[in-house]
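Shown next, in structure tokens, is the structure this report addresses.
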Amino acid sequence: GENVEQHPSTLSVQEGDSAVIKCTYSDSASNYFPWYKQELGKRPQLIIDIRSNVGEKKDQRIAVTLNKTAKHFSLHITETQPEDSAVYFCAASHRFQKLVFGTGTRLLVSP
Amino acid sequence: EAQVTQNPRYLITVTGKKLTVTCSQNMNHEYMSWYRQDPGLGLRQIYYSMNVEVTDKGDVPEGYKVSRKEKRNFPLILESPSPNQTSLYFCASSSIAGTGGPNNEQFFGPGTRLTVL
């Protein structure tokens, strides 16, 4: 079945720096790649997603890129702020019904 | 307000004592799913449902049961809980419009923290 690997597991940056989180997936049939943000003690919430017919998508300070050939996708956060501190999960839609998550990246943005 | 609710939010129980965690959504979503979250393992799918009376196993279904008798409700049942089921559980729902299935934003409930002694 689908396997999603996510790196790094922790990431510390200074406020204003950029942060990049990378994920690889195994099933070339996967066609939907969302990113969820989970603040401490809260539920995961979608921040951005991309479908396999698109190579890049941007929403203000966050962007996601997808390389279907290499089967990897990345989350880019520019001008990081302390409120960006959270755990970020990537995911890939393995089949019509299933969404497989990565193991998460804990991002810490220091003032 | 559009939301997914779960009850209870916290539960401490003992091995073997049957329990049910309820999940309800008011967004008329067809797709509902249960995940467990464990440190270092991310979110793993337990069961999902594409619509009423349609359910299927996720990646870690052992020890769990579900039912989908109504569109809004998707309870998770632990017939004989064991300590390895101690975890944080999330219910989620999404519309299957467009590309379908979970390929739309999933809305998560607030989570249920379960401890099995």
Only unsatisfied item for A:LEU107, checking (1) within 14 Å of chain B (Cβ to nearest Cβ); (2) crowded, with 20+ Cβ neighbours inside 10 Å, is (1)
Original post:
Does A:SER30 satisfy the condition of being crowded, with 20+ Cβ neighbours inside 10 Å and modelled with pLDDT under 95?
Top reply: yes
Among strands (runs of 3 or more DSSP E) completely within segment B:13-116, the ones holding 1 or more residues that are on the phi < 0 side of the Ramachandran plot and basic (Lys, Arg) are B:31-38, B:42-51, B:54-57, B:112-116
Counting only residues in segment B:62-92 that are farther than 20 Å from B:GLU30 by Cα and among the acidic types (Asp, Glu), the one surrounded by the fewest Cβ atoms within 10 Å (Cβ to Cβ) is identified as B:GLU62
When every residue in segment B:21-61 that is facing chain A (nearest Cβ under 9 Å) and in contact with an Asp or Glu (Cβ under 7 Å, 6 or more places away or on another chain) is compared, the one surrounded by the fewest Cβ atoms within 10 Å (Cβ to Cβ) is B:ARG44
Report task. Say whether the condition of being within 13 Å of chain B (Cβ to nearest Cβ), over 11 Å from A:LEU75 (Cβ atoms) and crowded, with 20+ Cβ neighbours inside 10 Å is met by at least one residue in segment A:6-17. Result -> no
Over segment A:40-98, the set of residues more than 14 Å from every other protein chain (Cβ to nearest Cβ), surrounded by fewer than 20 Cβ atoms within 10 Å (Cβ to Cβ) and in a loop (DSSP other than H, G, I, E, B) is A:GLY55, A:GLN60, A:ARG61, A:LYS68, A:THR69, A:ALA70, A:LYS71, A:THR78, A:GLU79, A:GLN81, A:SER85
A:SER12 passes all but one of the listed conditions (1) touching a helix residue (DSSP H, G or I) at 6+ places or on another chain (Cβ under 7 Å); (2) modelled with pLDDT of 95 or more; (3) not aliphatic (A, V, I, L, M); the exception is number (1)
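The values are calculated or read from the model by the stated rules, or taken from the named source; none is laboratory data. Small disclaimer: the values here were computed from a predicted structure and weren't measured. Glycine gets a Cβ as well: all are built from the backbone with ideal geometry, and neighbour counts include every protein chain shown.
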